[in-house]
1. Yes or no: residue 61 crowded, with 22+ Cβ neighbours inside 10 Å and either more than 13 Å from residue 208 (Cβ to Cβ) or outside the structural domain of residue 198 (by TED's automatic domain parsing) (or both)?
2. May I ask you to verify whether residue 124 is surrounded by 13 or more Cβ atoms within 10 Å (Cβ to Cβ) and closer than 24 Å to residue 228 by Cβ?
3. Could you tell me whether any residue of the range 148-160 is modelled with pLDDT of 95 or more, in contact with a His (Cβ under 9 Å, 6 or more places away or on another chain) and among the hydrophobic types (A, V, I, L, M, F, W, C)?
4. Those residues that are surrounded by 15 or more Cβ atoms within 10 Å (Cβ to Cβ) and either over 29 Å from residue 133 (Cβ atoms) or more than 23 Å from the chain's Cα centre (by Cα) (or both), I need them from the range 226-268; list them, please.
5. I'd like the full set of residues that are crowded, with 20+ Cβ neighbours inside 10 Å, within 15 Å of residue 163 (Cβ to Cβ) and not polar (S, T, N, Q), limited to the range 201-211.
6. Going by the structure shown, is residue 57 farther than 21 Å from residue 17 by Cα and assigned to a loop (DSSP other than H, G, I, E, B)?
7. Quick check, is residue 181 at pLDDT 95 or above, under 24 Å from residue 91 (Cα atoms) and either acidic (Asp, Glu) or in a loop (DSSP other than H, G, I, E, B) (or both)?
8. Condition first: under 24 Å from residue 239 (Cα atoms), modelled with pLDDT of 95 or more, of a type outside the set (S, T, N, Q) and under 13 Å from the mean Cα position of the chain (by Cα). Can you find one or more residues in the range 84-95 that meet it?
Amino acid sequence: MKDGTVLLLDDEPVVLQVNAAAVRHFGFEALIAENAEEATALVRSHRPSLIVSDIQMPGEGGFDFMEGLERAGLKNMPAIYLTGYDDIDIVRGGLRAGGDDFIIKGGPVDALRHRIAFWMASGFKELPAEVRRRALQAANLVKGDSFGGVEANFAGASKLVQSVRRTMADELKNVPGSYGERLVDRICFMGRLSNLVIKESDAFGDLIRFPEHIDAVVRQLDVPWKNEMWPLFQRFEDWSCDTRFVLAGVEELKPFTEYEWFIDELQV
């Protein structure tokens with residue numbers, strides 16, 4: 001997506017104006033709200049592509065705002081929490097409320113640009129439910145005195161992506177050159193890729209950035225159908241419930257006609 005609307009919610013007018021200017025500089029339209037009530041009204045009227053919300057605000061905070069959108073059936077876009085509180089409880093609360101990503105205030109504007117660019121362009125509309133559950137479970141195991149900060153828990157992304165990319169590249173060598181032309185191949189591929197990323201994830205930060213890891217591996221692989229993965233990312237939650245996605249995830253890549261579930265269907 002090369003255009004779209006980003007809704008910014010923050011009770012600090014200066015922060016709002018600075019971030020709005022940055023969003024417009026990135027090439028997107030910016031909507032601003034100073035409280036949850038204004039933000040909810042803007043979601044109803046404009047259906048933004050992405051929400052960037054503060055957490056600690058007078059009255060209804062960022063967690064309550066997101067939970068309200070969920071209850072009203074309005075949370076159909078990714079949401080980033082932009083907060084000045086670098087605390088593990090913020091991560092836990094944000095995941096429970098429906099947040100999909102986190103940025104700590106005061107960092108370089110390029111960090112904000114990168115997160116916005118990813119969510120606006122990747123096709124993912126949220127952190128998948130099963131991955132969210134795993135991320136929250138991992139965050140709950142973190143002891144407060146051992147928490148090194150939110151950003152520190154995102155630091156292993158490059159190593160994870162390279163490891164999974166190598167595995168996928170090796171497995172792709174063993175399938176026909178026409179692999180990936182069929183939708184069923186791409187569903188099985190996404191199931192396998194997702195399984196590997198989850199297995200390689202050591203901490204809650206790896207799981208929160210699961211969508212970006214998936215997207216990064218696909219972009220780095222030399223496959224002619226990589227652009228065809230975007231529609232699957234858009235409906236990732238639906239496809240992740242597909243039997244082919246689930247069963248293919250635990251096996252190395254192969255033509256779909258060689259999977260046991262396909263052979264069993266032929267024998268019915």
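The values are calculated or read from the model by the stated rules, or taken from the named source; none is laboratory data. Predicted model only: the values in this text are computed from it and were never measured. Backbone-built Cβ (ideal geometry, glycine too); neighbour counts: all protein chains shown.
1. no
2. When the stated conditions are applied, residue 124 passes them.
3. yes
4. Hits for the range 226-268 are 251, 253, 254, 255, 256, 259, 262.
5. 206, 209, 210
6. In short, no.
7. It is false that residue 181 is at pLDDT 95 or above, under 24 Å from residue 91 (Cα atoms) and either acidic (Asp, Glu) or in a loop (DSSP other than H, G, I, E, B) (or both).
8. The answer is yes, given that some residue of the range 84-95 is under 24 Å from residue 239 (Cα atoms), modelled with pLDDT of 95 or more, of a type outside the set (S, T, N, Q) and under 13 Å from the mean Cα position of the chain (by Cα).
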